[in-house]
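Novice: Next up is a structure, given as C-alpha cells.
Here, each number is a calculation from the coordinates, and none is a lab measurement. All of these numbers come straight from a predicted model, not from anything done at the bench. In this analysis, Cβ positions are derived from the backbone assuming ideal geometry, glycine residues included, and neighbour counts consider all displayed protein chains.
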Amino acid sequence: MKNFLKYREIWLLAGIAVLIGLISTRFPGFADPANLRQVFNDTSILMILALGQMVVILTRSIDLSMASNLCFTGMVVAMLNAAHPAIPIPVLIVIALAVGLVLGAINGFLVWRLNIPSIVVTLGTLTIYRGATFVVSGGAWVNADQMSPDFINFQRAAFLGLPMLSWIALLVIALFFLAMTRTQVGRSIYAIGVNPTASVYAGIDVGRTKFIVFCISGMIGGLAGYLWISRYVIASVEVANGYELNIIAACVIGGISIAGGIGSVGGAVLGALFLGIISNALPVINISPFWQMAISGSAIILAVVLNARGERRQGRIILRNAEAA
Amino acid sequence: MLDNPYPAHVVRDPPHERGGKVAPRLTLSGISKSFPGVRALHNVSLSLYPGQVTALIGENGAGKSTLVKIMTGIYQPDAGEISIDGLATTLPSAHAAFGHGITAIHQETVLFDDLSVAENIFLGHAPRTRFGTIDWRTMRKNAREVLETMRAGHIDADARLKDLGIANKHLVAVARAMSIDARIVIMDEPTAALSMKEIEELFLLIEFLKSEGKAVLFISHKFDEIYRIADRYTVFRDGEMVGEGLLKDTGQNEIVRMMVGRNVDHIFPQREPKIGAPVLSVSGLSHPTEFDDIGFELRKGEILGFYGLVGAGRSEVMQAIAGITRTSRGTISLDGNSIAPKSAADSIEAGIVYVPEERGKQGVVIGLPIFQNVSLPSLARTSKSGVLKLAEEFSLARSYTERLDLRASSLSQDVGTLSGGNQQKVVIAKWLATTPKVIILDEPTKGIDIGSKAAVHGFMAELVAQGLSVIMVSSELPEILGMSDRVVVMREGRIAATYDNKGLDAETLVRTAAGIAA
C-alpha cells in the first residue's frame, strides 16, 4: 500500500506540475520561485485545515463544522484584540487554539459518548457555531481599523525569506507528519479507520480516538480562525461560509479515502495546493469562475476514481476470505 | 401440544409409507465445490421428495450451507448435476432457482423489515395494473388469501414486518414461498431463535407444507426436532455425503457415529503436558442473554478445549473474559487476583488475549503493513509517552513472525497480500507479542489449509510447553480431541460437562453438546 500511496502522491504532484506549466504558457511569471512561494502562502490556511479534516476522515468520520469553528474563533480573537490590543499575538494564538479545542471537544464528545454519527453532529454544530458567532458579536463586524497592527502584521512578517503564515503551515505539516507516522495516536487513527473491529480486539479505544481527532480538527479550526481573520482583516458572521466543502474537497483530491483508513499528510497538502492553485491562478489568466468550479469538480471525481481503482484489489481479498470461511 | 389448525386432509404419513413409490423432486448428484485453500464439498448427493421432509445433518463446516447456496443459485458447483423432476438443469442465479420454485427460509429471515407483510410476500412478483404499476389492492387481497390458507389469518397484511415476532416472520417467509408456488422449501436452522411454543407452530406449518406436496429440506442441529419432523436424513461430514436413509430405520447413535467417524487426515503433535497450578479461574460468570453461571479453571501449561454447537455461547464467554462483552455477574481471577476487565486493553494488560474467530473482520488490519499489525496491541510497550520507537516495533514484529515461520518478502508488506494461513500467523504473532499468560484461540484453524493447520497446532503445543495456558474454542472434533488436555462442553449458554481427555470419544462430546442422553 505504501508504494501505491507514493504512486498516488506522485500522480498528484505531476498533476500540479502540469497545471503550473499550463498556467505559465498564459502567464509567464507563474512558475517563478517567488510566485510559487506566494501560491504556497496563499494556500497555507487551506492546507492547515485539510490536515485537521484528514485525521477525522481517516477514522471514518467527518467534521462539517470546521469553517463555522473558524468563523466563531476568528470573531472571538478579533473582538478580544479590538477590546484589548495589548494582548500579545502568541497569547491570542493560544486562545484561538483553546477556543477551537473546546468546540472540537463538543463534537467529539457527542460522537463518542452519545454515539451520534459525526455527519449529523457536525451538521448541527455547523449551524450552531455560526449562530454563536452572531450571538457573541451581535451581528456586528470587526473591521481592519479596529484590529491592532500586530494582529494584522504577525503573519506577514518575513522570516528567512518566507512570511510567518508559511512558516506556521510548514510547522503544522511537520507536526502532523510526525504525529501520523511516529505516535501511538497516529497509528491508532489509521487502525480504527481500516478495521474498527480488529482495533477493539487489539485494545484500542475507538470512541476515545474519535474524540481526540475531533479535538485536533477543532484546534486546527481555531488556529485557522485567527490566521483567516488577520489575513482578510474582517471578522463577520459570513466568514468562510461554505468553506467546509473546500476543505473536504482538498482531502478527497489528496487521496484521503472517505471510507477511512487511507490517506497521508503529503496527500492532504498536495490536494490543498491543487485547489489553491486553481482558485488563485485561474482568475489571473482570465478563466471564468465557472470553469474553475468545473475543474475543481472534475479533479474531485478523478481523484475518487483513481483511489477506487487502488482500493479494489484489497476488496477482492476480503471477499475471498469471506467465501472461504 | 397445540391443536392442529390445519385442514383435516393433512397427510400424516409420507407417501412412501403408503406403498407408493415416489420419484424425487430434486436430485443433486456428484456435486463438488472448492474455494481457494478449502474443499467445501466433494462428490455429494442429495435427493428431496415431494411431501417429505429430509433432514440434512452434519457438524459445523461439514458443507451444509455451501450446499444450500448451490441449491439457491448463489454458488455454482465445480462439478455435478442438478435435476428437477428428473430433468437435468442448472441454477446459474438466485433468480433461476426462484423460477424453479426453490426457496430458502433462513435462521435470520432475509426479508425486509421496513416493508409491509404483503410487500414482503409479493416482492419481485407483485400483481400489476394495466399501467404497469403495482396493484396494491390485489396484492393485499392475495396476501390475505395466502395467509388464510396457511391458517395465519391473524397476521395483518399491512403490518410492517419489523413489528412481527420471529415466528410470524417465518410464517411470512413461508407465505412468500407459497405465493411463488415454491415446490422445494429449504429451512436452514429455522428453530434457532424460536421459543418452544413457536417451534410447535413451525412444525405444524411444516406438516402443512408436506400435505401440500412440497419437498422440504430441514437443517438443524437438534436431534429431537429432526426425529419429530423429518422423514429422511442425509449426513455430511467434511464436505462428503456419508449416509442417507429413512429416519424410522435409524437410531440417533448411528447418526452421531456417521457425523463424527472419520479418517485420520492430520497428525496432532505429541506432547507431554506439564500441568501446574490454576492460572485463570472463572466462577458464576453470567450475561443477561448469552450465557449463565459459567465456571471453570484453566491451569498452567494446559490446553482447555471448548466444544459446543454454534450458538452455545462459547465465543461470548471468551469475549467477556477478554473484556469485550460486559457481564452481569460472576468473577474472573488471574493468578489468584480478581480482575474485572472493562475493555480489551484491560485484559491485554492483565495478560489475557483473545484471538477472534473471524480473521478478516476481527483479526488482521488489511491495509496496514505486517509489522504494524503485529505491534498493534503492544503499542503501549513500543512507545514512550505516546511516541513510537520504530526500531523496537520492527524488532518485536521480526522476532515473533520468525518464530511462527511467516512467509513474507518483507515486514512492510501489506498484510492483505498474504495467504489465509500466513494472515493467521500474523494474528497469532500479534497476540504473542503482548506476552500473555492466557491465550484464548477462537476457532484457530477455521478455513485454513492443512499445512497451516499443522503449524498452528504445533505452535500451540510449543506455547503450553513454555508454560502458557491456552483455551481453544473449536467446533472441529478431531482438533478438540487431538489438542485438548480437558474439554468443556457448552450447551445453550451453560456448561453441560467437563471431561478429562483420556479415552474421551467424539460421540460423547456430540451427545453432550446436542443434549442426547447416552
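Novice: Using the structure shown, list the pairs from B:Lys248/B:Lys502; B:Lys222/B:Lys453; B:Lys222/B:Lys248; B:Lys33/B:Lys248; B:Lys197/B:Lys248 with a Cα-Cα distance above 23 Å, or answer none.
Specialist: Exceeds cut-off: B:Lys248/B:Lys502; B:Lys222/B:Lys453; B:Lys33/B:Lys248; B:Lys197/B:Lys248.
Novice: Let me ask another. Where a Cα-Cα gap under 18 Å defines reach, which lysines qualify for B:Lys437, not counting those fewer than 8 residues away within the same chain?
Specialist: B:Lys274, B:Lys300
Novice: Would you mind ranking A:Ile278, B:Ile352 by Cβ crowding within 10 Å, fewest neighbours first?
Specialist: A:Ile278, B:Ile352
Novice: Just how large is the dipole of the protein assembly as shown about the Cα centre, in debye to the nearest 20, putting +1 at every Lys and Arg Cβ and -1 at every Asp and Glu Cβ?
Specialist: 1520
Novice: Right, another one. Have a look at B:Asn168, B:Thr289, B:Val279 and report the one farthest towards the positive end of the charge dipole of the protein assembly as shown, computed about the Cα centre with Cβ charges (Lys/Arg +1, Asp/Glu -1).
Specialist: Positive-most Cα among the choices belongs to B:Val279.
Novice: If you scale each eigenvalue of the Cα gyration tensor by 5 and take the root, what three semi-axes come out for chain B, rounded to whole angstrom and sorted largest first?
Specialist: Working through the eigenvalues yields semi-axes of 45, 26, 24 Å.
Novice: Given only helices, namely DSSP H runs of n ≥ 4 each adding -39500 (n - 2.57), what is the per-residue ellipticity at 222 nm of the protein assembly as shown, to the nearest 500 deg cm²/dmol?
Specialist: Computed mean residue ellipticity for the protein assembly as shown: -15500 deg cm²/dmol.
Novice: Quick check for me: using +1 on Lys/Arg Cβ and -1 on Asp/Glu Cβ, what's the dipole size of the stretch B:177-301 about its Cα centre, in debye to the nearest 20?
Specialist: Charge dipole, the stretch B:177-301, about its Cα centre: 520 debye, nearest 20.
Novice: Return a whole-number percent for the relative contact order of the stretch B:364-435, with Cα pairs under 8 Å and 6 or more residues apart as the contact set.
Specialist: Once normalised by length, the contact order is 49 percent.
Novice: If I fit a long axis through the Cα atoms of helix B:390-403 and take the longest principal axis of the Cα atoms of chain B, what angle between them do I get, 0 to 90°, rounded to 10?
Specialist: Compared with the principal axis, the helix lies near 70 degrees.
Novice: If you line up the long axis of helix B:136-149 against the longest principal axis of chain B, both from Cα atoms, how many degrees apart are they, to the nearest 10?
Specialist: Result, in degrees: 90.
Novice: Still on this model: Can you compute log10 of I(q)/I(0) for the stretch A:40-241 with the Debye formula, treating each Cα as one identical point scatterer, at q = 0.12, 0.19 Å⁻¹?
Specialist: -0.59, -1.26
Novice: Can you give me the C-alpha center-to-center distance between the stretch B:378-433 and the stretch B:205-236, rounded to a whole angstrom?
Specialist: If we compute the Cα centre of each part, the gap is 49 Å.
Novice: Relative contact order for chain A using alpha-carbon pairs under 8 Å, separation at least 6, rounded to a whole percent?
Specialist: Across chain A, relative contact order equals 33 percent.
Novice: Sticking with this one: Which of A:Leu51, A:Leu306 has the fewest other C-beta atoms within 10 Å, and how do the rest follow up to the most?
Specialist: If I rank by nearby Cβ atoms, fewest first, I get A:Leu306, A:Leu51.
Novice: On to the next question. Order these by the 10 Å Cβ neighbour count, fewest first: B:Met71, B:Met196, A:Met66.
Specialist: B:Met196, B:Met71, A:Met66
Novice: If I take every Cα pair under 8 Å that is 6 or more residues apart in chain B, average their sequence separation and divide by the length, what percent do I get for the relative contact order?
Specialist: Relative contact order, chain B: 15 percent.
Novice: Let me ask something else. Quick check on the protein assembly as shown: of the DSSP beta bridges with both residues there, what percent are antiparallel, nearest 5%?
Specialist: 60
Novice: Okay, moving on. Cut-off under 17 Å on the C-alpha distance; same-chain residues fewer than 8 positions from B:Lys384 excluded. Which aspartates and glutamates are left, in chain and number order?
Specialist: Partners within reach: B:Glu349, B:Glu392, B:Glu393.
Novice: Given A:Thr125, A:Trp112, A:Leu70, which one lies farthest toward the positive end of the charge dipole of the stretch A:40-241, if we put +1 on the Cβ of every Lys and Arg and -1 on the Cβ of every Asp and Glu?
Specialist: Of the candidates, A:Trp112 comes out farthest on the positive side.
Novice: Taking 22 Å as R0, compute the FRET efficiency from the Cβ-Cβ separation of A:Ala174 and B:Lys384 and round it to 0.05.
Specialist: It comes out at approximately 0.65.
Novice: Using a Förster distance of 41 Å, how high is the FRET efficiency between B:Gln76 and A:Ala157, based on the Cβ-Cβ distance and rounded to 0.05?
Specialist: Efficiency, rounded to the nearest 0.05: 0.05.
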